[in-house]
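Novice: Pasting a structure below so you can have a look.
The values are calculated or read from the model by the stated rules, or taken from the named source; none is laboratory data. Predicted model only: the values in this text are computed from it and were never measured. Every residue, glycine as well, gets a Cβ built from its backbone with ideal geometry; the counts of neighbours run over all protein chains shown.
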Amino acid sequence: MPKRNQNRPHLIISDATETERYRSIRPNIERVYPPEQLRAIHGASLQRQLRDLGVVADEAKAAQVAAGIDSDLGMLIQFRSFPDIELAFDSLSYEPSKIELMNVKKVDTQTYATVFVPDGKLVHFEKLINDYIAERRGRNGRALDHKALLNTINEIRSATFDELWTDDPDALPESDEEVIWWEVWLPVRGDRIGVEAQFRRIAASIGFQFADGSIAFPERTVLLMQGQKRQIQQSIMLLNSIAELRRAKETANFFDSLPPTEQRDWVDNFLQHVRPAHQDSPFVCVLDTGVNNGHPLLANHLHNNDLHTIEPAWGASDEQGHGTEMAGIALYGDLSESMANLTPVNLTHHLESVKLLRNNGGNGDKHHGVITVEAVSRPEISAPDRKRVFSLALTAKDNKDRGRPSAWSATLDRLAVDYENDNETPRLFVVSAGNINDNASWMQYPNSNTTDSIHDPSQAWNILTVGSFTEKTTIEGEGTEGYTPVAPTGGLSPFSTTSCTWDRYRPLKPDVVFEGGNAAHDGNWACTMPSLSLLTTNFQPHDRLLTTTNATSAATALCARFAAQLMASYPNLWPETIRALIVHSAEWTEEMKRTFSTGAGPKDRIKNLIRHCGFGVPNLSRAMWSVNNSLTLVVQEAFQPFCQR
């Protein structure tokens, strides 16, 4: 039966509030335990499932021995939780028996954990179940029955291809016979080189091809493998060797390295799949170095009347390149993803451009606050009734303010709340946090993120400050041998600045992080690479149509696009509400939590995470929709927290 679409519009309530005096309520927090199971029946069911797994384990061992494998014998098993009960997956690993948690994922209301169990070690789980059934206790009466774990387990079974797939389900190949590149995550198991060599030997014997090199993370080795889904499904030995499977991503290097004529072919083909936004759709206003709208990817979405400049003598065109790069990201996102898929692209918004910087550092004789006010006024005078989000990826070069308000940041705060007009037309500003541009600093990752402060004006309270994280770890291209990514998948980008050095009463910044690309190093020096960057529009389309960009500028353009998509779906929401939905939808990656969740207590750990990574990576589906088991209730009202006597 096809799965029903669970997406529902958020519940937005209007004119339903009343004013009441504040009353303090003492919270009553109770610890939530998983519901008790009928111990004898549930324990017997788990025992029966383990016995069935024993037969499968014997078959897997025989196949491995027959193939000449005499180490790392074992199998992958999956634990599934009861609906709406969180699986206590942290208790599934057991280092003395080398039982290792491979991956965890949540599907609908259930949690799934995949675990590698070495040959002969299923007995560990048999003992846990026996203790559970017997309600074992220690000499002091302390419960040793493992019920906190076993009461959450609904099913134990051998893991298949589906249990190893941790990527988007839509990224799966259309047929089991389609040949694609796979991103394979291998466990280390105390012998990284041996585990990788053994996996390559098994996969090569089945007919898989490999890309050169691999990426080493503390607990995983990642490599690229070309072949069919069917080949993976039919090999127990291969499945038992893998921790996670994902689809390898097309990198920007592929498109960036194409000769101009081939780039034109790709762009022409891509344009056949693009559907423009409706006339009354919102706009992303790019405050930057201007935009060259003669580019074929921009021409129909950025009209001449929407090209502005704060200095008429400059003209509105882009002489530097940065603004046109931001326009491409703000309209399409990372083109390396959409151009590789060639699926319909239904645009939700248009573009505007204001040129407020002619050359890098070319505004030395102008006050940044003054030119920002003028830049904002230009499109608003031209088209006052439009819904728009302002995207500002230009910051001061230094980071000396360290969170203290500046004239520039205060100007943005006033513009955001429309202070001059008593909040009549509030605005949404998406502003980059500023970058770490020193190659030597990238070699100190992630300590350099901690010590490099967010740049002016991104300390403003009423804006959305955007840092960058990265999922780009695939290195391709000539001359890249011997290089490895600086940041791991899901980690903070090496370019992203933070508010860790600010005084505690300064704002918690950034607010969110978006993809900003990665850097690579050879052990001595770090550098950027096209394959670790985002693909976008080049400001000189007569030379090349496509180029790459990165860092918090690219992340800011992605955030502006995200905001415009929300505005298109909810045209009556205030800018403040759009901003809130973006932050509300964000979550930290496991890598962020592993790296930055440090400190003396829970509050310190959370604060450290926020000052590095904001509230995490926003999710468009979560921001856009409520689902059957997760409701977002939106009430737009003003309140007065204090009254004057």
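Novice: Restricting attention to the range 387-416, and to residues there that are crowded, with 23+ Cβ neighbours inside 10 Å and of a type in the set (Ser, Thr, Tyr), which single residue is farthest from residue 328 (Cα to Cα)?
Specialist: 409
Novice: Residue check: is residue 104 more than 18 Å from residue 148 (Cβ to Cβ) and either at pLDDT below 75 or among the aliphatic types (A, V, I, L, M) (or both)?
Specialist: no
Novice: When you scan the range 297-327, how many residues do you find that are touching a residue at least 12 places away in the same chain (Cβ under 8 Å), assigned to a helix (DSSP H, G or I) and more than 18 Å from residue 388 (Cβ to Cβ)?
Specialist: Adding up the residues that qualify gives 4.
Novice: Which condition number in (1) in contact (Cβ under 8 Å) with a residue 12 or more places away in the chain; (2) not in a helix (DSSP H, G or I) is the one that residue 561 fails?
Specialist: That leaves (2) as the condition not met.
Novice: Enumerate the pairs (first residue in the range 13-24 and over 14 Å from residue 637 (Cα atoms); second residue anywhere and surrounded by fewer than 10 Cβ atoms within 10 Å (Cβ to Cβ)) with beta-carbon separation below 9 Å, excluding pairs fewer than 6 apart on the same chain, so at least 6 apart or on different chains.
Specialist: That search, which allows pairs on different chains as well, returns 22/641.
Novice: So, one more: If I filter the range 282-293 for residues that are surrounded by fewer than 17 Cβ atoms within 10 Å (Cβ to Cβ) and either without any contact (Cβ under 8 Å) to a residue 12 or more places away in the chain or under 29 Å from the mean Cα position of the chain (by Cα) (or both), do I get at least one hit?
Specialist: Checking the range 282-293: not a single residue is surrounded by fewer than 17 Cβ atoms within 10 Å (Cβ to Cβ) and either without any contact (Cβ under 8 Å) to a residue 12 or more places away in the chain or under 29 Å from the mean Cα position of the chain (by Cα) (or both).
Novice: Something else: Could you please find all residues in the range 170-180 being within 23 Å of the chain's Cα centre (by Cα) and in a loop (DSSP other than H, G, I, E, B)?
Specialist: Correct list: 172, 173.
Novice: Can you tell me how many residues within the range 437-464 are part of a helix (DSSP H, G or I) and either surrounded by 18 or more Cβ atoms within 10 Å (Cβ to Cβ) or in contact with a strand residue (DSSP E or B) (Cβ under 9 Å, 6 or more places away or on another chain) (or both)?
Specialist: Going residue by residue through the range 437-464, those that are part of a helix (DSSP H, G or I) are 439-442, 447-451.
Keeping just the survivors that are either surrounded by 18 or more Cβ atoms within 10 Å (Cβ to Cβ) or in contact with a strand residue (DSSP E or B) (Cβ under 9 Å, 6 or more places away or on another chain) (or both) gives 439-442, 448-451.
Qualifying residue count for the region: 8.
Novice: Checking residue 301 against (1) out of contact with any Asp or Glu (no Cβ under 8 Å at 6 or more places or on another chain); (2) surrounded by fewer than 16 Cβ atoms within 10 Å (Cβ to Cβ); (3) in the same structural domain as residue 551 (by TED's automatic domain parsing), which single condition isn't satisfied?
Specialist: Unmet condition: (2).
Novice: Quick one: is residue 586 of a type in the set (A, V, I, L, M) and farther than 13 Å from residue 510 by Cβ?
Specialist: no
Novice: Return the pair list, or none, for Cβ contacts closer than 6 Å from residues in the range 123-147 that are without any contact (Cβ under 8 Å) to a residue 12 or more places away in the chain to residues that are of a type in the set (Asp, Glu), at least 6 apart or on different chains.
Specialist: Taking only residues 6 or more apart or on different chains, the pairs are 136/145.
Novice: Quick check, is residue 364 modelled with pLDDT of 95 or more and part of a loop (DSSP other than H, G, I, E, B)?
Specialist: Spelling it out, it is not the case that residue 364 is modelled with pLDDT of 95 or more and part of a loop (DSSP other than H, G, I, E, B).
Novice: Can you pull out the residues in the range 550-595 that are under 23 Å from residue 493 (Cβ atoms) and of a type in the set (A, V, I, L, M)?
Specialist: Initially, the range 550-595 is screened for residues under 23 Å from residue 493 (Cβ atoms), giving 550-565, 579, 582-595.
Of everything in the range 550-595, those that are under 23 Å from residue 493 (Cβ atoms) and of a type in the set (A, V, I, L, M) turn out to be 551, 554, 555, 557, 558, 560, 563, 564, 582, 583, 586, 592.
Results for (1) assigned by TED's automatic domain parsing to the domain that holds residue 587; (2) basic (Lys, Arg); (3) without any contact (Cβ under 8 Å) to a residue 60 or more places away in the chain, shown as yes or no for each residue.
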| position | (1), (2), (3) |
| --- | --- |
| 427 | yes, yes, no |
| 433 | yes, no, no |
| 438 | yes, no, yes |
| 479 | yes, no, yes |
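Novice: Also: So, of the residues in the range 181-209 that are among the aromatic types (Phe, Trp, Tyr) and not in a helix (DSSP H, G or I), which turns out to be surrounded by the most Cβ atoms within 10 Å (Cβ to Cβ)?
Specialist: 182
Novice: Looking at residue 133, is it hydrophobic (A, V, I, L, M, F, W, C) and out of contact with any Leu (no Cβ under 6 Å at 6 or more places or on another chain)?
Specialist: Yes: the conditions hold for residue 133.
Novice: Would you pick out the residues in the range 500-510 that are in contact with a helix residue (DSSP H, G or I) (Cβ under 6 Å, 6 or more places away or on another chain) and under 17 Å from residue 551 (Cβ atoms)?
Specialist: Within the range 500-510, none qualify.
Novice: Name the residues in the range 568-606 that are part of a helix (DSSP H, G or I) and either more than 21 Å from the chain's Cα centre (by Cα) or basic (Lys, Arg) (or both), would you?
Specialist: If the condition is that a residue be part of a helix (DSSP H, G or I) and either more than 21 Å from the chain's Cα centre (by Cα) or basic (Lys, Arg) (or both), then 568, 569, 575, 576, 577, 579, 593, 594, 602, 603, 604, 605 are the ones that fit.
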